[in-house]
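In what follows, a structure is listed as structure tokens, so that the remarks can point back to it.
Every number here is computed from the coordinates shown, using simple stated rules; none is lab data. Model, not experiment: these values are computed from the prediction. No Cβ is skipped: glycine too gets one built from the backbone with ideal geometry, and neighbour counts run over all protein chains shown.
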Amino acid sequence: MLMRLHLESTARRSTSHSGSCCGRYLAGVGIILILLSLQVGIGSTAIQLVPWGVGFAQQQTTPTGLTNVAALVMGSAHNLVLQSNGTVVAWGYNSAGQCNVPFGLTNVIAIAAGGAHNLTVKADSTVVAWGAGATNSGYGQSTIPAGLSNVIAVAAGGEHSLALKADGTLVGWGRNNYGQGGAPAGLNNIVAIAAGLDHNLALKADGTVVAWGYHYYGQTNVPLGLVNVRSIAAGTYHSLALRSDGTVVAWGAGTTNSGFYPNYGQAAVPSDLAGIRAITVGRFHSVALRTNGTVVAWGDNYGGSTNLPWGLTNVVAIASGYQMNLAVTDGSPFFSSEPRGVVAYAGQSLNLNVAVEGLPPLHYQWQFAGTNIDGATDPWLFLPNVQLSDTGNYAVTVTNPYGTISGSLRLTVSNSPPIILTQPKSQLAGTWWDASFRVWATGSKPLYYQWRRDGANLLGADGPSLQ
């Protein structure tokens with residue numbers, strides 16, 4: 001049975017929470033963190049990873065055979081997946097060995113991806129880490145504190161790490177120049193954690209949020225009166241909170257969009273945003289998953305990080321990295337670009353095309369005026385020598401074992417006199433040189449050509465080119 005990934009924003013310690021961020025290892029670029037709150041459920045539905053934005057080092061290429069996904073997080077330029085059998089798969093940029101999963105790592109129940117390191121929680125409540133900071137290089141973010149146990153969740157920051165213990169207390173390690181590698185005195189009753197570049201968020205059992213670490217852009221200034229929070233996400237310099245009523249609150253850099261670093265509107269929540277079930281953040285952008293399976297993104301669009309694939313729906317989980325995002329769908333078909341109408345001239349031959357994503361096998365059936373077209377079962381529909389009678393609405397239905405989608409487009413056929421698109425170009429040639437001329441024309445077929453010289457027809461010169 002295939003594992004279906006369900007993303008639920010909850011505030012329960014029994015839920016596995018993980019964070020990831022973009023690291024300083026990318027030639028001076030900034031760093032981000034994503035909190036992905038996951039609750040795994042087993043079902044009969046497969047999953048598909050849909051990327052958009054700009055990735056690094058094959059980060060957008062899903063490893064072959066990747067199924068039974070239970071959890072997904074993204075780091076700076078690498079991705080980490082927890083499979084339902086308790087094993088982990090990593091791919092993407094491998095500057096510090098962050099994609100080298102330790103041999104024999106099994107029984108994993110939670111994951112987190114940081115700037116260039118990863119954290120996992122095993123079923124025995126111990127933590128395994130690898131990547132930057134595992135040796136003397138880095139800040140020790142992958143060096144687990146001695147005796148650390150009873151861990152239920154982890155979060156990975158730029159160069160620091162956090163672990164949430166079953167008793168609601170927190171342990172931190174790694175870089176600590178702003179206090180991000182530790183925890184405020186007396187902090188307890190924690191149910192979820194998120195680690196940003198150099199700041200952290202903790203969600204308490206009473207639905208309130210505590211923040212600490214680097215605060216220059218106000219990313220640790222939790223809005224007064226913020227309550228009923230069920231999920232949190234920490235980015236480079238901004239923070240998000242998802243409330244139990246499905247609304248989102250943001251603070252830190254990007255509350256306005258000045259177009260200048262680092263204010264790109266990433267903390268300016270769309271005014272009509274509601275019905276949200278999950279949140280995640282990229283470097284300077286934010287992403288939210290609605291309860292209806294659609295996605296909303298806002299903030300910096302460098303690299304297309306907020307340009308959602310057209311028609312993206314049936315999403316069950318989201319994750320964000322530096323300038324890239326991943327959506328986990330239930331595998332059902334969706335149109336990756338909008339079906340567009342076509343205008344043609346009588347006598348032309350053409351293809352009607354649709355772009356569809358979904359798990360194979362995909363089955364197509366084209367219709368004209370509501371009636372199936374015999375043999376029209378490809379992603380394209382070839383129409384030779386179209387006439388005025390071919391004008392009308394064409395529809396295509398695409399199915400696979402996980403769902404069905406239908407779309408339509410209109411073909412408009414008209415009569416047209418010849419239209420010259422590109423005129424022949426004059427040439428300067430010497431004696432005995434070859435010369436050639438060509439004209440590009442359109443209009444209703446057939447088109448007839450006749451070349452002339454000084455007003456007189458040239459015998460046999462009846463094609464679009466003259467040699």
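Overview of results
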item	result
For the chain, with +1 on Lys and Arg beta carbons and -1 on Asp and Glu, the positive-most of 342, 78, 413 along the dipole	78
For peptides 71-82, 446-457, 213-224, sequence by mean Cβ density within 10 Å, most packed first	71-82, 213-224, 446-457
Equivalent ellipsoid dimensions for region 117-214 as semi-axes, Å, which come from the Cα gyration tensor, largest first	20, 16, 10
Separation of alpha-carbon centers, region 163-197 and region 378-440, rounded to whole Å	62
Longest to shortest principal axis, alpha-carbon extents of region 62-192, angstrom	46, 29, 21
Using a Förster distance of 51 Å, the FRET efficiency for residue 437-residue 363 (Cβ separation, nearest 0.05)	0.60
Whole-Hz couplings from phi, Karplus 6.51/-1.76/1.60, listed for region 293-300; x for Gly and Pro	x, 9, 10, 10, 9, 8, x, 5
Along principal axes, Cα extents of region 103-158, largest first, whole Å	29, 22, 21
Dimensionless Rg ratio for the chain, taking C-alpha atoms and the 2.2 N^0.38 Å reference	1.24
Sorted peptide list for 260-266, 61-67, 369-375, 437-443, criterion being average Cβ within 10 angstrom, highest first	260-266, 437-443, 61-67, 369-375
Fully extended contour minus Cα-Cα distance, from residue 462 to residue 302, at 0.36 nm per residue	52.5 nm
Spherically averaged projected area of region 213-291 from its Cα convex hull (nm²)	5.0
Percentage relative contact order, the chain, counting C-alpha pairs under 8 Å, at least six apart	12
Lys/Arg +1, Asp/Glu -1 at C-beta; the chain dipole; positive extreme among 324, 100, 117	117
Spin-label pair residue 343/residue 125, simplified geometry with 7 Å Cα→Cβ offset, distance in nm	6.9
Extension gain (nm, one decimal) between residue 58 and residue 216, 0.36 nm per residue minus Cα-Cα	53.5 nm
For region 236-272 versus region 286-342, the gap between their alpha-carbon centres in whole angstrom	18
Estimated distance in nm for a label pair at residue 150 and residue 188, the labels positioned 7 Å out from Cα along Cα-to-Cβ	1.1
Top positive-direction residue, dipole computed over the chain with Cβ charges, set 362, 55, 429	55
Antiparallel content of DSSP bridges confined to the chain, in %, to 5	95
Fully extended contour minus Cα-Cα distance, from residue 452 to residue 291, at 0.36 nm per residue	51.2 nm
Relative packing of peptides 151-157, 330-336 - highest average C-beta neighbours within 10 Å first	151-157, 330-336
Nearby lysines by direct alpha-carbon distance to residue 204 (threshold 20 angstrom, same-chain neighbours under 8 apart not counted)	165
For region 316-467, average projected area of the Cα convex hull in nm²	15.8
Estimated dipole of region 322-467 in Debye, rounded to 20 [Cβ of Lys and Arg +1, of Asp and Glu -1, Cα centre]	540
